[in-house]
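The values are calculated or read from the model by the stated rules, or taken from the named source; none is laboratory data. The model shown is predicted, which means the values in this text are computed figures rather than measured ones. Glycine gets a Cβ as well: all are built from the backbone with ideal geometry, and neighbour counts include every protein chain shown. Side chains are part of the model used for accessible areas, which takes the heavy atoms of the whole protein and leaves out ligands, DNA and RNA. Shrake-Rupley method; radii C 1.70, N 1.55, O 1.52, S 1.80 Å.
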Amino acid sequence: RALVCIDCRKSPECPRCSNRLTFHSANSRLMCHYCGYSQPAPQRCPACGGPLKTVGTGTQKVQQQLQAVFPHLAVDRMDTDTVSAVNTHEKILDHFKNENVPVLIGTQMVAKGHDIPNVTLVGVLSADSALNLPDFRASERTFSLLTQAAGRAGRGDKAGHVIFQAYDVENKVLQQAARQDYDSFALDELKDREAFFYPPFAQMLKMTVWDKDEGQALALAKKVTTFLQAQQLEGKLNDILVLGPFPGLVAKVRDMYRFNILVKAKDMQPVKDALLDSEFREQRNLFFDVDPVNVI
């Protein structure tokens, strides 16, 4: 959840990251989930002094709305606010399981690996939200998470049911996850990746430049890109695609600006050799990620 000004529509942002702060109503604080910065929630908009309102659907808001409809319903919650060194994941799950609490609300951590036989209904809110991320693995991650969540229901003698809430309910990834149709998803995903030259049909290298000076970060990223493109023109690097530079999805983290460069190739070894023989080998603020888990 976030705070948004009704008048100017701005949200309080982290002073160290290009990211708006998340509102935690449990302690009435704003927090950056990238660097850990925290501050008390303001009463008025810091930009214009206008009134603020909360937007978004956090786990606490879901809990409040559920208990407003069912005031006598016991509900457990598992998220970053409720999990601590004392109140661990295991304690929350044990309480939910052993005390026969009817409902457990939580973030993605609820979906993974728990075996509780009496769970007969699983619901996922905004099931399609991660599909919009600019990452070629977005569909794979969404399918994996949804099938894991669905797998929490019906693990005992009783039948299980799963409900996905989404905006794009006809999306094929959601439909395949709802059917637990691994084969169809894999076939469709492989066709898309082959068409757009993504793994496993290509190897990938992500290079990220970090710098406190945005201009210097971009200049170095452009210099790396120009070097690789020159190697292509000279015929030293064949069958490669150089993309970028472009800002990270969160362009500044902990006062450091970051720019990414992506290289796709059938064989990445010549690219690695060229970079190892270049001036960029010892560049301290240039980082290399071979076969990156994400590209944003």
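Could you please find all residues in the range 6-58 being hydrophobic (A, V, I, L, M, F, W, C) and within 24 Å of V253 (Cα to Cα)? Break it down stepwise before answering.
Of the residues in the range 6-58, the ones hydrophobic (A, V, I, L, M, F, W, C) are 6, 8, 14, 17, 21, 23, 26, 30-32, 35, 41, 45, 47-48, 52, 55.
Listed by number, the residues that qualify are C14, C17, L21, F23, L30, M31, C32, C35, A41, C45, A47, V55.
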*In the range 34-43, the residues that are without any contact (Cβ under 8 Å) to a residue 12 or more places away in the chain and surrounded by 12 or more Cβ atoms within 10 Å (Cβ to Cβ)*: S38
*Does the range 167-179 hold any residues that are out of contact with any Asp or Glu (no Cβ under 9 Å at 6 or more places or on another chain) and either touching a residue at least 12 places away in the same chain (Cβ under 8 Å) or not charged (D, E, K, R) (or both), and which are they?*
A177, A178
_Checking the conditions here, which among L241, L218, L233 is open to solvent by less than 60 Å² (accessible area, probe 1.4 Å) and not charged (D, E, K, R)?_
L218
_Of all residues making up the range 162-202, the number that are open to solvent by less than 70 Å² (accessible area, probe 1.4 Å) and of a type in the set (D, E)_ = 4
*Quick one: would you say K222 is within 22 Å of L131 (Cβ to Cβ), among the basic types (K, R), out of contact with any Asp or Glu (no Cβ under 6 Å at 6 or more places or on another chain) and not in a strand (DSSP E or B)?*
no
*On the given criteria, is T59 of a type in the set (S, T, Y), open to solvent by 40 Å² or more (accessible area, probe 1.4 Å) and in contact (Cβ under 8 Å) with a residue 12 or more places away in the chain?*
no
*Is there any pair with a first residue in the range 187-215 that is more than 15 Å from P292 (Cβ to Cβ) and a second that is assigned to a loop (DSSP other than H, G, I, E, B) whose Cβ atoms are under 7 Å apart and which are 6 or more apart or on different chains, and what are they?*
E194/F201; W210/N285; D211/N285; K212/D255
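Could you tell me which of the residues V295, V263 is β-branched (V, I, T), outside any loop (DSSP other than H, G, I, E, B) and crowded, with 16+ Cβ neighbours inside 10 Å? Before you say what the answer is, go through the steps one by one.
On the way: V295 fails: outside any loop (DSSP other than H, G, I, E, B).
Result: V263 is the single residue among V295, V263 that is β-branched (V, I, T), outside any loop (DSSP other than H, G, I, E, B) and crowded, with 16+ Cβ neighbours inside 10 Å.
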*Filter the range 273-292 for residues that are touching a residue at least 12 places away in the same chain (Cβ under 8 Å) and charged (D, E, K, R); which is surrounded by the fewest Cβ atoms within 10 Å (Cβ to Cβ)?*
D291
*asked:* Cβ contacts < 7 Å: first residue closer than 15 Å to H114 by Cα, restricted to the range 143-166; second residue loosely packed, with under 15 Cβ neighbours inside 10 Å and of a type in the set (D, E), any location; separation 6+ or different chain. Result?
replied: R155/D115
*Would you pick out the residues in the range 217-272 that are under 17 Å from M204 (Cβ atoms), in contact (Cβ under 8 Å) with a residue 40 or more places away in the chain and of a type in the set (D, E, K, R)?*
K264, K266, D267, K272
_Taking the conditions exactly as written (open to solvent by 30 Å² or more (accessible area, probe 1.4 Å), touching a Leu at 6+ places or on another chain (Cβ under 8 Å) and outside any helix (DSSP H, G or I)), does D115 satisfy them or not?_
no
